[in-house]
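> Before I ask anything, here is the structure I am working with.
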There are 2 protein chains.
Amino acid sequence: MRADAKRNYDRIVEVAREVFREQGYDASLDEIAKRAGVGPGTLYRHFPTRDALLDAIMQSWVQRVGEATEKALAHEGSARDLLVAWFEEYVRLISVHKGGPAKITSAMGDPDSPIRTKCQVLTDANAKVVERLRDEGALKDGVETLQVCRLIGGVATVADQSDLDETAVRPMLEVVADGLVSS
Amino acid sequence: MRADAKRNYDRIVEVAREVFREQGYDASLDEIAKRAGVGPGTLYRHFPTRDALLDAIMQSWVQRVGEATEKALAHEGSARDLLVAWFEEYVRLISVHKGGPAKITSAMGDPDSPIRTKCQVLTDANAKVVERLRDEGALKDGVETLQVCRLIGGVATVADQSDLDETAVRPMLEVVADGLVSS
DNA sequence: TGCTAAACGGAGACGGTCTCCGTATCGTGG
DNA sequence: CCACGATACGGAGACCGTCTCCGTTTAGCA
């Protein structure tokens, strides 16, 4: 990759991260190009689709997922509390910008999604947490890990679209956690 | 209202219902106008915004909500089963077209939404079901009815966006129901 | 330093939204 | 029955975002 190409690539990603956070996932790509000081052609050559750009933005995000997983697994307390804590992290992770929860959650299960690998990281992390609780016998039978992702993704999606804050989200996560642990 | 105006109004609503169902809530309004055999100007005069059109489409929907509520309240069986049955109806009701669950769920809590009255009908229906179970002492303490709408709206939203069928949705609704009933 | 492959970037086609205003139609009062 | 004013129609076109094509520029090697 030529030096000028790399410079533009990096700058576009940086600007896009900022603009997506400000305006959501539907922000104008031409505007991102303009703010990055490049022509639209340059942006679309590096990132043929909006999703390709999102994928690049999420490169660094993978690490944050790993850290959050460690933190959740290290949690001391009941299975229910561990679940709630993990769910809160989960929601925070996928709320990268307006439209993020919906985007990421619907990309799960779609093997052709451009952000497939990123979703995989997250579903794997979730599976690790859930499997551990299952091994401890703390969960109901028949709990599918992908279902858990979708449930929490759903909560995060409505929270995103209705501008709910953490105090409104928590009770919903608690309901889901209660519905998962064996009674 | 002049006779020709009413004719066009009705025809637009009818066509819009069809097109939204076929193509989702993001369908082109100019296309709807074209299919209805009117100019864009006519469509936008009757319905200044996309939401105004949605509101008109949902006029007849209110009745279906009423019927579904009756059906749910007449349910014989455990609180948990009643909840699951009602949730399934609820999901069906808000899945009027692609984008419907997200649209309707995010309109709840927004007092300025153009489909406010329609949402009110649904939230009231849900409250009726939930309150009845609460009176029977079948629910956990601290269950907010709006939270329930959001939880189920979330499930419906991911189902809509991931093209899940009923067999995939049901287990998630069961988790929520389990999380709500007192143990 | 000269050359070529690589990258740039902007003009513009396209499709959707929405408005303005000249034209056509309804339906009423004479 | 018909003329006229109010009402409604509808299409041309401005505007914006997406995305492409291709003439121009530049990096970096020999």
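> Name the trypsin sites (Lys or Arg not before Pro) in region A:1-65 that are in a loop by DSSP and that have at most 16 other C-beta atoms within 10 Å, would you?
Answer by residue number: A:2.
> About the Cα centre of region B:81-183, what is the dipole size in debye to 20, counting +1 per Lys and Arg Cβ and -1 per Asp and Glu Cβ, all else neutral?
On the way: 11 positive and 17 negative charges, 64 e Å.
Here the size comes out at about 300 debye.
> For residue B:35, which inter-copy label distances result when the label point lies 7 Å beyond Cα on the Cα-to-Cβ vector, reported in nm to one decimal and in ascending order?
The projected label point of residue B:35 is separated from its counterparts by 3.6 nm.
> Rounded to whole Hz and in sequence order, give me ³J(HN,Hα) for region B:26-36 from the Karplus expression 6.51 cos²θ - 1.76 cosθ + 1.60, θ = phi - 60°, writing x for Gly and Pro.
8, 4, 6, 6, 4, 5, 4, 4, 4, 4, 7
> Along region A:145-153, what does the Karplus equation 6.51 cos²θ - 1.76 cosθ + 1.60 (θ = phi - 60°) give for ³J(HN,Hα), rounded to whole Hz, x for Gly and Pro?
5, 5, 4, 4, 4, 5, 4, 5, x
> Still on this structure, I have one more. Accessible area of the protein assembly as shown with a 1.4 Å probe: how many percent of it is carbon plus sulfur? Provide the component values of the computation, followed by the final result.
Numbers: 8200 of 17300 Å².
It is 47 percent, rounded to a whole number.
> What are the lysines whose alpha-carbon lies under 23 Å from the alpha-carbon of residue A:98, with same-chain residues fewer than 8 places away excluded?
Leaving aside lysines fewer than 8 places away in the same chain, those within reach of residue A:98 are A:34, A:118, B:98, B:103.
> Which whole-number value in Å³ per residue fits the convex hull of the alpha carbons of region B:3-57?
Details: hull volume 3.5 nm³, N = 55.
Hull volume normalised by residue count: 63 Å³.
> Residues of A:170-180, mean number of Cβ from any other protein chain within 10 Å of their own Cβ, rounded to a whole number? Mind dumping the intermediate values first?
Numbers: counts 0, 6, 8, 2, 4, 12, 8, 2, 8, 11, 3.
For peptide A:170-180, the averaged partner shielding equals 6.
> On to the next question. Tabulate in residue order the Karplus-calculated ³J(HN,Hα) for region A:165-172, using 6.51 cos²θ - 1.76 cosθ + 1.60 with θ = phi - 60°, rounded to whole Hz; enter x for Gly and Pro.
Result, rounded to whole Hz: 9, 4, 5, 7, 7, 3, x, 5.
> Sum up the charges of everything whose Cβ sits under 12 Å from the Cβ of residue A:154, counting Lys and Arg as +1 and Asp and Glu as -1, but leave residue A:154 out.
Working: positive: A:150, B:150; negative: A:160, B:160.
Local net charge: 0.
> Please compute the average number of Cβ atoms from other chains found within 10 Å of each residue's Cβ in peptide B:105-111. Show your work: numbers first, answer last.
On the way: counts 5, 6, 2, 2, 5, 2, 0.
Neighbouring Cβ atoms belonging to other protein chains average 3 per residue here.
> What does the helix-only formula give at 222 nm for the protein assembly as shown: each DSSP H stretch with n ≥ 4 adding -39500 (n - 2.57), the total divided by the residues, and the result rounded to the nearest 500 deg cm²/dmol? If you can, show how the numbers build up before the last one.
Numbers: 20 runs with 267 residues, N = 366.
Estimated from H runs of four or more residues: -23500 deg cm²/dmol.
> Please list, by residue number, every one of the GluC sites (Glu not before Pro) in region A:22-105 that is coil in DSSP and has at most 11 other beta-carbon atoms within 10 Å. Write down the numbers at each step before the final one.
On the way: sites: A:22, A:31, A:67, A:70, A:76, A:88, A:89; in loops: A:76.
Qualifying residues, ordered by number: A:76.
> Amide H to amide H, which residues 5 or more places from residue B:98 or on other chains are under 5 Å from it, using H placed in the peptide plane?
B:24, B:25
> Pull up the cross-link candidates among the lysines for residue A:140, meaning alpha carbon to alpha carbon under 21 Å and not fewer than 8 places away within one chain.
Hits, sequence-local ones excluded: A:128, B:140.
> Right, another one. Run through the other copies and list how far each one's label point is from that of residue B:62, in nm with one decimal, shortest first; the point sits 7 Å from Cα along Cα-Cβ.
Relative to the other copies, residue B:62 has label-point distances of 5.3 nm.
> Continuing with this model, one more query. Using a label point 7 Å beyond Cα on the Cα-Cβ vector, give me the inter-copy distances for residue A:1 in nanometres, one decimal, shortest first.
Label-point distances to the other copies, shortest first: 5.8 nm.
> Between the alpha-carbon centers of region A:121-145 and region B:165-183, tell me the distance in whole angstrom.
So the two Cα centres are separated by 17 Å.
> What average count of beta carbons from other chains do you get within 10 Å of the Cβ of residues in B:144-157?
6
> Right, next: Could you rank the peptides A:112-125, A:170-183 by their average count of other C-beta atoms within 10 Å per residue, with the highest value first? Each step should come with its number before you reach the end.
Numbers: A:112-125: 17.1, A:170-183: 19.9.
The densest-packed peptide leads the list: A:170-183, A:112-125.
> Let me ask another. Using alpha carbons only, what's the Rg to Rh ratio of chain B with Rh from Kirkwood? Let's see the in-between values first.
Numbers: Rg = 18.2 Å, Rh = 17.6 Å.
That ratio is 1.04, to two decimals.
> How long are the semi-axes of the ellipsoid equivalent to the protein assembly as shown, from square roots of 5 times the Cα gyration tensor eigenvalues, in whole Å, largest first?
34, 34, 15
> May I ask for the angle, rounded to the nearest 10°, between helix A:3-23 and the longest principal axis of chain A, with both axes built from Cα atoms and the value confined to 0 to 90°?
Roughly 50 degrees between the two axes.
The values are calculated or read from the model by the stated rules, or taken from the named source; none is laboratory data. Nothing here was measured: the structure is a model prediction, and the numbers come from that model. Every residue, glycine among them, receives a Cβ derived from its backbone with ideal geometry; neighbour counts consider all protein chains shown. Heads up: the accessible areas ignore ligands, DNA and RNA and are worked out on the full protein's heavy atoms, side chains in. Shrake-Rupley method; radii C 1.70, N 1.55, O 1.52, S 1.80 Å.
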